[in-house]
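Notes follow once the structure below has been shown.
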Amino acid sequence: MAERPEQPTIGTIVVEDVELKTDEDLWTDDSGSDYSGWFCVSTDPFPCPAAGCTFVATHMTAAHLILVWEERDDPNLLRHAQRAKEVGRNPRVVSYESGLGPSASYYAWEAAGRPVHGIRRA
């Protein structure tokens, strides 16, 4: 008679605490453009994922800048809103106004290499 293999057991994972070096100079959209009237994705508040950062966003952001799109139905805006929905952030497409905080064009952010706060640049 063949022996039965051992039953799986619950184990533990040990993860080494690694501190990432971050580039303290946050990326900015240097175009000088006023994006009032463009569109952004408002969300439930969520914290910046960078270790030790206390910034809390209420819009889809990159490097603490609200990402904006010129068209309300831009496919990239809708894709990001869908992703926010999938992770429970209750997204809403709204018109951007400067009082919401500093902003950057999504396409300028992409052209800059999609910099994100708290991630070491290569």
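Every number here is computed from the coordinates shown, using simple stated rules; none is lab data. Just so it is clear, the structure is predicted and the values come from calculations on it, not from any experiment. Positions of Cβ are backbone-derived with ideal geometry, glycine not excepted, and every protein chain shown enters the neighbour counts.
Simple spin-label model, 7 Å along Cα-to-Cβ: Asn76 to Cys53 in nm?
Reported label-point gap for Asn76 and Cys53 is 1.9 nm.
Got a sec to turn the phi values of the stretch 95-111 into Karplus ³J(HN,Hα) couplings, 6.51 cos²θ - 1.76 cosθ + 1.60 with θ = phi - 60°, whole Hz, x for Gly and Pro?
6, 7, 9, 4, x, 6, x, x, 9, 8, 5, 3, 6, 5, 5, 4, 5
Report, by chain and number, residues whose modeled amide H sits under 5 Å from the one on Val68, excluding near sequence neighbours (fewer than 5 apart, same chain).
The answer is Ala104, Ser105, Tyr106.
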